[in-house]
Amino acid sequence: MNIRKLMVWAICMLSIASLHAKINWLEIEPGVWKGVVGTPEDYSLLTAAGCSPAHDGFARLPHVELPTLANNIVGEVNDGKTNLRIPLDKGEQLYGFGLNFQTVHQRGKILNLHVDHYGGKDTGRTHAPVPFYISSAGYGVFVNSARYLTVYAGSGARKDSENAPIAKDRNTDKSWSARPYSDAVSILVPAQGVEVYVIAGPTPMDVVRRYNLLCGGGTLPPRWGLGFTQRTQKLYDAKDVEYEVDEFERMGYPLDFIGLEPGWQSKSYPCSFEWDKSRFPDPSGFVSKMLDKKVRINLWTNPYISPESDVYKEMYPVSGSHTVWCGIVPDLAHEKARSLWNDKLEREHINIGVSGYKIDEVDGYDFYIWPDVATFPSGISAEQMRQTYGLWVQRTSTDLYRKRNQRTFGLVRASNAGGNAMPYVIYNDYYSHQDFITALINSGFSGVLWTPEVRGSKTGEEWLRRFQSVVFSPMAMINAWASGTKPWSFPEVADQVKEYSLLRMQMMPYWYTEFARYHFDGIPPFRAMNLEPGFNPNEAVKTELTSGNLEDNPYLEAVTKEIKDQYMAGEYLLVAPMFAGQTLRKVVLPKGNWYDFYTGEYVGNGETIEVSPGLDRIPVYVKDGGIIPMMMPRLHAPRLGEKFDLEIRHYGDADGAYRLYDDDGETYNYEKGEYSWRDIKVERQKNGKLKGTFSKAEKGKPNNIGNVSWKFMTQK
Ligand code: GAL
């Protein structure tokens with residue numbers, strides 16, 4: 001070998017060695033470390049989302065050191081792809097990996113994280129396949145790649161593992177398993193490098209908080225977004241919508257925004273973005289009339305542009321190579337396409353007072369969305385575009401409203417990491433009530449919001465059961481685009497439906513505060529029991545455990561024991577939905593005293609209870625010392641500057657403390673410090689009675705609170 005060849009060889013060896021090297025971790029926010037493997041691509045989930053960390057929130061989390069496992073994370077570039085290996089201990093469980101519908105525990109799964117509609121199985125193809133997971137050991141890992149990732153979430157065993165499974169003889173050993181234990185999560189990134197983040201806890205909840213803060217903090221909807229919303233039948237015209245809005249008022253059902261489905265547009269699938277003048281002859285007059293009735297308008301659309309739209313021609317050069325239903329696909333990673341899209345939305349809708357959108361079909365179905373061979377003028381690949389298109393539609397439309405200092409709240413069918421602060425809720429057509437609840441639980445691990453929307457039902461019982469759950473979710477919605485159903489369509493349960501829709505309104509101060517905590521502190525408003533201190537599913541269901549070889553398969557064990565039909569709604573509430581046909585259910589209570597939400601009665605402590613609440617009630621329980629600030633039942637959210645009275649409820653025996661969030665409810669002025677947190681305290685007095693205090697409004701800060709009354713729900 002001559003000297004030149006020798007040098008080339010040495011350089012090659014050195015670079016191979018460096019590709020195998022352990023990762024250097026750089027702390028970029030308190031408790032968040034970034035590592036680089038190979039050469040990461042410029043385009044990532046976080047760049048597409050355009051988010052920046054919410055620094056202030058980190059200061060309210062405990063100080064932590066780099067988790068020791070970080071030093072054992074290995075990244076290597078091989079065959080043009082990046083492999084990551086993150087060690088796992090035997091007892092660890094994994095949560096997250098995006099919006100899964102069927103299980104809360106993810107260990108043992110093999111997932112192809114790929115934006116898609118939900119096809120009925122947790123394969124990784126979902127509306128928000130967020131490449132972030134949380135370990136029960138109190139750390140998390142986020143892979144900032146806009147590629148389709150393959151995740152072996154504790155599957156596949158290396159021959160040189162220090163912790164390798166032991167070979168067993170299937171002939172004679174009953175504990176033989178087809179899926180032997182694996183001591184690592186392996187992730188395949190089809191690119192020559194990637195950015196990885198290790199996020200510390202110490203608790204899994206702290207990990208989730210840090211992740212949300214890294215991605216800009218959670219969204220803070222306008223107050224009206226937390227009211228009730230109805231989506232009308234798809235071919236309704238202006239008169240039909242007006243009639244429906246009046247019906248809500250007349251019948252005494254709350255309504256804050258109403259959604260128009262495809263028929264408002266002159267062309268849909270692909271879309272013109274223009275009003276159908278035969279159904280809506282005077283769009284501006286129509287929108288103002290609705291606003292006068294205190295009902296905002298939300299418009300359904302998909303982003304694919306019809307040849308008949310007046311923006312088609314100009315958009316053509318900045319659209320992708322392939323069409324969707326013969327409509328062009330704006331390349332939203334391209335500035336020109338964004339500005340054309342924005343101008344169109346502004347001109348046709350926002351300038352006349354439309355309050356938000358439902359942006360459909362950005363998740364896809366391979367048979368109609370652009371194929372992976374498509375190209376885009378911005379140079380972003382079809383794969384990257386698929387992974388991030390949901391982010392782009394949210395980002396651009398949010399920016400339009402932000403520019404007007406106006407908050408929006410809408411619906412979208414795809415999102416990804418970095419969309420955390422975007423005011424959108426995910427939905428789909430799958431319609432399994434049970435799986436919708438599991439999705440709600442999993443949304444809290446992934447920085448997205450999900451609504452278990454109600455569409456239609458076979459019976460009044462199913463209608464009410466579904467309705468009761470959607471009231472305890474980020475968006476209380478009936479989506480009647482196909483069914484035309486109204487809240488009162490099942491007369492036998494119409495009163496109960498009304499009671500729950502009004503309860504949703506009464507609870508607005510609580511919901512609003514919980515969303516503020518999401519925004520400022522990264523605490524997801526709807527989340528798994530697994531993030532709740534004192535929750536131990538293993539303890540609660542140990543009698544149901546089968547024994548045998550499960551120890552080798554922690555994932556199987558977890559799935560047999562997991563609780564995927566009850567969740568936490570904010571700081572104090574445990575919600576345990578009932579499903580049609582069910583009269584009895586189990587509820588696993590975390591440690592501590594728990595009380596019935598409706599009566600204030602004690603129900604248990606750290607145990608599994610069986611409840612049969614009857615059709616009128618969805619079981620909801622409150623933590624000891626729980627404080628739920630409520631307002632009077634009403635049909636519309638308070639308007640900007642409108643004062644409202646509070647009824648503050650206290651539950652249980654313990655003293656309570658809560659901070660109520662307040663701001664103008666509609667603008668972004670809170671970003672300039674125009675908000676307040678007011679202390680609510682309930683303390684037991686020497687005479688044994690409970691007494692509540694509410695701190696004064698700070699001078700110069702928003703104050704929407706009128707009179708305050710107290711209700712001590714638990715009588716001794
Ligand atoms: C579906 C969407 C429904 C409804 C419908 C209208 O894609 O999921 O909620 O909007 O389109 O055609």
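The values are calculated or read from the model by the stated rules, or taken from the named source; none is laboratory data. A quick note: this is a predicted structure, and the numbers were derived from the prediction, not measured. Neighbour counts run over all protein chains shown; Cβ positions are idealised from the backbone, glycine included. We work out accessible area using only protein heavy atoms, side chains counted, and drop any ligands, DNA or RNA first. Shrake-Rupley method; radii C 1.70, N 1.55, O 1.52, S 1.80 Å.
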**Prompt:** Quick check: is even one residue across segment 604-616 in contact (Cβ under 8 Å) with a residue 24 or more places away in the chain, touching a Phe, Trp or Tyr at 6+ places or on another chain (Cβ under 6 Å) and open to solvent by 10 Å² or more (accessible area, probe 1.4 Å)?
**Reply:** no
**Request:** Run down Lys643, Lys699, Lys716 and say which single residue is out of contact with any helix residue (DSSP H, G or I) (no Cβ under 9 Å at 6 or more places or on another chain) and at pLDDT 95 or above.
**Result:** Lys643
**Message:** Could you go through segment 436-456 and let me know if any residue there is closer than 30 Å to Glu607 by Cα, assigned to a helix (DSSP H, G or I), away from the ligand (no atom under 16 Å from the Cβ) and open to solvent by 20 Å² or more (accessible area, probe 1.4 Å).
**Reply:** no
**Prompt:** So which strands (runs of 3 or more DSSP E) are wholly in segment 617-716 and hold at least 3 residues that are within 30 Å of Asp495 (Cβ to Cβ) and in contact with a strand residue (DSSP E or B) (Cβ under 8 Å, 6 or more places away or on another chain)?
**Reply:** 620-623, 627-630, 644-650, 705-712
**Matching residues in segment 274-325 - criterion: being open to solvent by less than 10 Å² (accessible area, probe 1.4 Å) and within 16 Å of the ligand (Cβ to nearest atom)** = Ile297, Asn298, Leu299, Trp300, Thr301, Asn302, Pro303, Tyr304, Ser306, Val324
**Request:** Look through segment 199-235, keep the residues that are within 16 Å of the ligand (Cβ to nearest atom) and in contact with a strand residue (DSSP E or B) (Cβ under 7 Å, 6 or more places away or on another chain), and return whichever of them is nearest to Pro53 (Cα to Cα).
**Result:** Thr229
**Prompt:** Restricting attention to segment 389-404, does a residue exist that is within 16 Å of the ligand (Cβ to nearest atom) and at positive phi?
**Reply:** no
**Fill in**
The condition of being within 16 Å of the ligand (Cβ to nearest atom) and either at pLDDT 95 or above or surrounded by fewer than 22 Cβ atoms within 10 Å (Cβ to Cβ) (or both) holds, among Asp366, Asp372, Asp343, Asp331, only for Asp366
**Request:** Quick one: count up the residues across segment 276-323 that are closer than 18 Å to Glu361 by Cα and assigned to a helix (DSSP H, G or I).
**Result:** 0
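Conditions (1) at pLDDT below 95; (2) crowded, with 20+ Cβ neighbours inside 10 Å; (3) outside any loop (DSSP other than H, G, I, E, B), marked per residue:
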site	(1), (2), (3)
Gly140	no, yes, yes
Gly156	yes, no, no
Asp160	yes, no, no
Arg179	yes, no, no
Ala191	no, yes, no
Tyr211	no, yes, yes
Asp240	no, no, yes
Tyr243	no, no, yes
Glu247	no, no, yes
**Request:** Report the residue count in segment 686-716 for those that are over 15 Å from His650 (Cβ atoms) and open to solvent by 60 Å² or more (accessible area, probe 1.4 Å).
**Result:** 8
**Message:** Tell me yes or no: at least one residue of segment 71-93 is modelled with pLDDT of 95 or more, surrounded by fewer than 18 Cβ atoms within 10 Å (Cβ to Cβ) and of a type in the set (A, V, I, L, M, F, W, C).
**Reply:** yes
**Asked** Is it the case that segment 203-212 has a residue that's of a type outside the set (S, T, N, Q) and under 18 Å from Pro423 (Cα atoms)?
**Response** yes
**Asked** Out of curiosity, is Arg250 charged (D, E, K, R), more than 15 Å from the ligand (Cβ to nearest atom) and under 28 Å from the mean Cα position of the chain (by Cα)?
**Response** no
**Asked** Looking at Tyr675, is it over 20 Å from Pro221 (Cβ atoms) and in contact (Cβ under 8 Å) with a residue 40 or more places away in the chain?
**Response** no
**Prompt:** In segment 420-432, how many are more than 16 Å from the ligand (Cβ to nearest atom) and over 9 Å from the mean Cα position of the chain (by Cα)?
**Reply:** 3
**Asked** Is it the case that Val130 is in contact with a Lys or Arg (Cβ under 9 Å, 6 or more places away or on another chain) and surrounded by 22 or more Cβ atoms within 10 Å (Cβ to Cβ)?
**Response** no
**Request:** Answer yes or no: is there a residue in segment 260-273 that is within 16 Å of the ligand (Cβ to nearest atom), in a helix (DSSP H, G or I) and either surrounded by 22 or more Cβ atoms within 10 Å (Cβ to Cβ) or hydroxyl-bearing (Ser, Thr, Tyr) (or both).
**Result:** yes
**Asked** Among the numbered criteria (1) crowded, with 16+ Cβ neighbours inside 10 Å; (2) within 26 Å of the chain's Cα centre (by Cα), which single criterion is violated by Glu671?
**Response** (1)
**Message:** Anything in segment 562-584 that is open to solvent by less than 10 Å² (accessible area, probe 1.4 Å) and either in contact with a strand residue (DSSP E or B) (Cβ under 7 Å, 6 or more places away or on another chain) or among the polar types (S, T, N, Q) (or both)? List them, or say none.
**Reply:** Gln566, Tyr567, Met568, Ala569, Leu573, Leu574, Val575, Ala576, Met578
**Message:** Please verify whether Ser175 is touching an Asp or Glu at 6+ places or on another chain (Cβ under 9 Å) and under 19 Å from Val448 (Cα atoms), treating the condition exactly as stated.
**Reply:** no
**Prompt:** Out of curiosity, is Gly119 open to solvent by less than 10 Å² (accessible area, probe 1.4 Å) and at pLDDT 95 or above?
**Reply:** no
**Item:** Odd one out for Ala164 among (1) open to solvent by less than 70 Å² (accessible area, probe 1.4 Å); (2) assigned to a loop (DSSP other than H, G, I, E, B); (3) touching a residue at least 40 places away in the same chain (Cβ under 8 Å)
**Value:** (3)
**Fill in**
Filtering segment 585-603 down to residues that are crowded, with 19+ Cβ neighbours inside 10 Å, assigned to a loop (DSSP other than H, G, I, E, B) and in contact with a strand residue (DSSP E or B) (Cβ under 7 Å, 6 or more places away or on another chain) yields Leu589, Phe597
**Complete:** Restricting attention to segment 468-497, the residues that are outside any loop (DSSP other than H, G, I, E, B), of a type outside the set (S, T, N, Q) and under 21 Å from Arg296 (Cβ atoms) number exactly 5
**Request:** Being out of contact with any helix residue (DSSP H, G or I) (no Cβ under 6 Å at 6 or more places or on another chain), open to solvent by 10 Å² or more (accessible area, probe 1.4 Å) and part of a helix (DSSP H, G or I) is the filter here, so list the residues in segment 224-238 that pass it.
**Result:** Trp224
**Request:** Evaluate the following for Asn351: is it more than 15 Å from the ligand (Cβ to nearest atom) and open to solvent by 10 Å² or more (accessible area, probe 1.4 Å)?
**Result:** yes
**Item:** Cβ pairs under 7 Å, 6+ apart, first in segment 476-492 and within 11 Å of the ligand (Cβ to nearest atom), second acidic (Asp, Glu)
**Value:** Met477/Glu453; Asn479/Glu453; Trp481/Glu261
